[in-house]
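K.L.:
This is the structure I have questions about; it appears just below.
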Amino acid sequence: MNYRKLAKDYLWAALFLLFSIGSAFLGFKPGIAIFRNFNVFIIEVLTFLPLMFLLVGLFDVWVPKESIEKHIGRQSGLVGSLWVILLAMLQAGPLYAAFPVAYILSKKGASVRNIFVYLGAFSCLKLPLLTFEIGFLGFKFTLLRSLFTLPLFIVIGVLMEKILGKDYRVREGK
Amino acid sequence: MLLLIFFTLFSIILSLTVDARKTLVGFKRGMGMFFNLLPVLLVILIIVSALLYFIPQNTIVQFLGARSGILGVLIAALVGAIALIPPFIAFPLANILLAKGVGYGVVAVFITTLIMVGFVTLPIEIRYFGKKAAFWRNLLSFLAALIIGTLVGAFM
């Protein structure tokens, strides 16, 4: 373990922790309020993301490249896009939780178009989000927004493939 | 969330029974990726937490409700693109906006840029996708959000 790198990586987090503890002791209200906000996010990050990454890791070792290439690769057409939309809809979490999944799909041979269709569907059509949206903004609003969004992020996928080229690959995120 | 825990546990057990060594490799790979991302993610979350405190909901509501027409739509799009507001705050906020008489189109643009465009999370996106892809994805999503908002506004 490289302690120097570790210290550098977590410097800001450590300072923030000190600031929060200090705020709690001194009753510094803004500090406490900011930590409360942070707490909501960090619970999500520390419960949700490790599981996502574990699944991505298992996916990496188990799923053969050929099957991904065949179903959502370059030759997959519209059915391939439907597969990634379905996958995205069944997920939850903030957009950055989709990036490692996009990486692993890309590594296994998913087409550039389908990678960005996946990101679009993940951000706009995931079921937990839709149920929430229906609750607050109504069924008609949610339905209309979803209907107009769907063709647009397919267009975005096609355009992204044109801009980046078919050989573009998502990186590991280092 | 419960479903994810269940599914992950199930996958791990299944994977372990078939091949323990392969499972370990997958584990290490997944966790390696997680700890690669964690430092930058923590910094971003600290910044967002502070921003949420310094820019309270009332201010956002007033800001978005102040203008109507094309300027209102553009302001909503920009605020949505820059802010990283979790859905459980964003949707109630959108509800308040509607109650204050802000148009459906403005609210739709705000929600769409909020979920599709991520200005604050750009450092993370660039790590995975590179500058070019991150720039174009966000730009195209921003334009798409304007179209979506206009259409929703027209049909509501």
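No lab work stands behind these numbers, since they all come straight from the coordinates. What you see is a predicted model; the values in this text were computed from it and never measured. Cβ: placed from backbone, ideal geometry, glycine included. Neighbour counts: every protein chain shown.
K.L.:
Select from chain A the helices, each a whole stretch of DSSP H, whose alpha-carbon atoms run 30 Å or more along the helix axis and whose Kyte-Doolittle mean is at least 1.0; answer none if there are none.
P.N.:
Going by DSSP H runs, the hits are A:29-62, A:139-164.
K.L.:
Report, in deg cm²/dmol and to the nearest 500, the calculated mean residue ellipticity at 222 nm for chain B, where each DSSP H run with n ≥ 4 adds -39500 (n - 2.57) and the sum is divided by the residue count.
P.N.:
For chain B, the value works out to -29500 deg cm²/dmol.
K.L.:
At a threshold of 8 angstrom on Cα-Cα distance, excluding pairs fewer than six apart, so keeping six or more, what relative contact order does the range B:3-156 reach in percent?
P.N.:
This gives 23 percent for the range B:3-156.
K.L.:
As a test of the formula, what do you get for chain A when each DSSP H run with n ≥ 4 contributes -39,500 (n - 2.57) and the sum is divided by the residue count, at 222 nm and rounded to the nearest 500 deg cm²/dmol?
P.N.:
Mean residue ellipticity at 222 nm (helix-derived): -26500 deg cm²/dmol.
K.L.:
Also, quick follow-up: Taking the simple approach of a point 7 Å from Cα along Cα-to-Cβ for both B:Ile70 and B:Phe10, what is their distance in nm?
P.N.:
5.2
K.L.:
Okay, next question. Just to be sure I understand the model, the point goes 7 Å from the Cα along the line to the Cβ. What's the resulting B:Leu51 to A:Thr131 distance in nm?
P.N.:
Going from the B:Leu51 label point to the A:Thr131 one covers 2.9 nm.
K.L.:
Which percent of Cα-Cα pairs in the protein assembly as shown sits in each 10 Å bin, short to long?
P.N.:
6, 24, 32, 25, 11, 2, 0
K.L.:
Can you work out the FRET efficiency for the pair B:Asp19 and A:Leu90, with r the C-beta to C-beta distance and R0 = 22 Å, to the nearest 0.05?
P.N.:
0.30
K.L.:
Now for a different question. Counting pairs of alpha carbon atoms under 8 Å apart in space and at least six apart in sequence, what relative contact order in percent does chain A give?
P.N.:
20
K.L.:
Still on this model: Just grab the label-to-label distance for A:Leu82 and B:Phe135, each label 7 Å out from Cα along the Cβ direction, in nm (one decimal).
P.N.:
3.7
K.L.:
Under the rule a/c < 1.5 gives rounded, and otherwise a/b versus b/c splits prolate from oblate, where does the range A:63-174 land using the Cα gyration tensor?
P.N.:
Verdict is prolate for the range A:63-174.
K.L.:
Just to verify a number: FRET efficiency for B:Ile82 and A:Leu18, C-beta to C-beta distance, R0 = 30 Å, to 0.05?
P.N.:
0.60
K.L.:
I would also like to ask the following. In what order do A:Val79, A:Val63 fall by count of nearby beta-carbon atoms within 10 Å, going from fewest to most?
P.N.:
The most exposed by this proxy come first: A:Val79, A:Val63.
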